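The values are calculated or read from the model by the stated rules, or taken from the named source; none is laboratory data. Only a predicted model underlies this, so the values are computations on that prediction, with no experimental measurement involved. With ideal geometry, Cβ positions are generated from the backbone for all residues, glycine too; neighbour counts draw on all protein chains shown. Remember, those area values only see protein heavy atoms, side chains included, never the ligands or the DNA or RNA. Shrake-Rupley method; radii C 1.70, N 1.55, O 1.52, S 1.80 Å.
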Amino acid sequence: MELYVSMKGTSDVDLEKEEEKNKFQRLKCCVQNYDWGRVGEESLVARLYSLNSGLEIDSAKPYAELWMGTHESGPSFLEGSESSSLKSWVSRDPSVLGEKVVKEWGTDLPFLFKVLSVAKALSIQAHPDKELAKNLHKLNPSIYKDDNHKPEMALAITDFEALCGFVSLQELKHVIHSVPEIVELVGHAYADQVLNASEQDGVEKLKAVLKSIFSQLMLASEDAVHETVIRMTSRLVKENKVRELTDKEQLVLELDKQYPVDVGVISAFFLNYVKLRPGEALCLGANEPHAYIRGECIECMATSDNVVRAGLTPKLRDVPTLCSMLTYRQGLPEILQGAPLNPYVKRYSPPFDEFEVDSCILSEATSTVFPAVPGPSLFLVTSGEGIMEMDPAIKNRVSEGVVTFVPANAEISVTSYCRTAAIQGRCE
């Protein structure tokens, strides 16, 4: 049995058992059919959504994201009462969130829990910090639908690939030397700034140099970008006949097939190419550039859907905003391995306040306990079946696709019938 849990919160609440029975809630969740999703039965999102909703899988449709939470763009509803959303139910009885969560974030779940099935690259994007999110939402609420920031963590279920953060100065210099088309596009003056830069110049100067050349690239004219990508990809195809291309060069050719002559194809050279193994996680703070490439993952984030895009997408692009908002930090991102809590459970604790994630894999006929935490949790079963219980009087038979809301201060035990995987997301 495989189980994932997302969580957060604080402060004990003395709940009567009859009240608790009503607060152990199974949820019906929302699916997003973005065109980059895996199609039909190939998608884990499709299989989980079908089991969660009772609906058949459309073999011709992409299934990209399963949303679990209260965000208005994809709200969850109480099972058996599909007219009652999780958000409205929590608002009526915020004690289920715990005292600290209510004090810090109000009467709403502070995190959004997702499963992603990625068949082709997502956009080159970043998520705004709180101040920028408020400004963007105020100026354009139809595009930026909320005023919250969106720090997030991606936990690989399968092998998972992403572009994330800017490459080191040393690697960027190698890019300038080895990809002449970039120099032709941005001009020798911007390229020379990179080649003449040194670690001794200081962090802020290096950020300014990187911002200058990256902005020049991303804001180049559409015609110039088209010509540059065609020349670059043509050269790489020819060179592939006489030498083995690097992983990044092979990725660039793949991205061009997915998003022909797009500026995101070139910008991939500026970003770290990260490959996660199952069980490894990647943290993405505000204002950090990234793009998921392929694979399936659990994703947890602050409750927001704010995305600033600049490439590899048919959706609206806001290139000036993206170029101005980025941190321009360089170097490889930290990869979280998860801290073992017992033989079955690993905890992933990102440097964000809103959530943590537990991953649990139980072999047949085994049990584990999730201690009471002072905030709410969402439990997702990704395979297998078993029993979840608060106490002997409050049991919930669970299987693949079941999503359960658990209130603050509730200890949960899980017993598997067969090998089971589950995820807990929580606020603590």
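Normalised by the number of residues in the range 35-83, the mean separation of alpha-carbon contacts (under 8 Å, six or more apart) gives a relative contact order of 35 percent. Here's the list of lysines a cross-link from Lys61 could span, going by alpha-carbon distance under 17 Å and ignoring same-chain residues fewer than 8 apart: Lys120.
Rank Glu199, Glu280, Glu72 by mean-square fluctuation in a GNM of the chain with C-alpha springs under 10 angstrom and give only the top-ranked residue. The residue that fluctuates most here is Glu199.
Each Lys or Arg adds one and each Asp or Glu subtracts one; over the other residues with Cβ under 11 Å from the Cβ of Val398, this totals 0.
3J(HN,Hα) along the range 372-385, derived from phi through the Karplus expression 6.51 cos²θ - 1.76 cosθ + 1.60 where θ = phi - 60°, amounts to 4, 10, x, x, x, 9, 10, 10, 10, 9, 9, 6, x, 7 Hz, with x in place of Gly and Pro. Among the GluC sites (Glu not before Pro) in the range 213-270, those located in a DSSP loop and surrounded by at most 12 other Cβ atoms within 10 Å of their own Cβ are Glu244. In the range 96-242, a dipole from Cβ-located charges (positive for Lys and Arg, negative for Asp and Glu) runs towards its positive end, and of Ser234, Ala126, Phe111 it is Phe111 whose Cα lies farthest in that direction. For a straight C-alpha distance cut-off of 20 angstrom, the aspartates and glutamates reachable from Lys257 (same-chain residues fewer than eight places away being disregarded) are Asp35, Glu161, Glu181, Glu222, Asp223, Glu227, Glu239, Glu244, Asp247, Glu249. Most simply put, the chain has about 90% antiparallel DSSP beta bridges, counting only bridges with both residues inside it. Using C-alpha pairs below 8 Å separated by at least 6 residues, the relative contact order for the range 302-414 is 19 percent. Residue-wise HN-Hα couplings along the range 269-274, as the Karplus relation 6.51 cos²θ - 1.76 cosθ + 1.60 with θ = phi - 60° gives them from phi, are 5, 8, 10, 5, 9, 10 Hz; Gly and Pro carry x. Grab the beta carbon distance between Ala365 and Leu55, set R0 = 30 Å, and tell me the FRET efficiency rounded to 0.05. Taking R0 as 30 Å, the efficiency between Ala365 and Leu55 is 0.40.
Calculate what fraction, in whole %, of the accessible area of the chain sits on carbon and sulfur atoms when a 1.4 Å probe is rolled over the protein chains. List each step's numbers first, then the result.
Numbers: 8680 of 17800 Å².
Ligands and nucleic acids excluded, carbon and sulfur give 49 percent.
What separates the Cα centres of the range 163-196 and the range 45-113 is a distance of 44 Å. Annotation: amide H-H contacts under 5 Å for Glu411 (H modelled 1.01 Å from N, sequence separation of 5 or more, or interchain): Ala372. For the range 190-249, trypsin sites (Lys or Arg not before Pro) are listed when DSSP marks them as loop and at most 16 other Cβ atoms sit within 10 Å of their Cβ; the list is Lys241, Arg243.
If the cut-off is 21 Å between C-alpha atoms, which lysines fall inside it for Lys103, apart from same-chain ones fewer than 8 positions away? Within the straight-line cut-off, Lys103 pairs with Lys8, Lys23, Lys87, Lys130, Lys134, Lys150.
Rounded to two decimals, the Cα radius of gyration of the chain over 2.2 N^0.38 Å is 1.04. Treating r as the C-beta distance of Asn140 and Lys207 and R0 as 45 Å, the FRET efficiency rounds to 0.95.
Karplus-based coupling profile of the range 84-101, in residue order and whole Hz: 9, 7, 4, 4, 5, 5, 5, 4, 6, 9, x, 4, 5, 7, x, 4, 5, 4, with θ = phi - 60° in 6.51 cos²θ - 1.76 cosθ + 1.60 and x standing for Gly or Pro.
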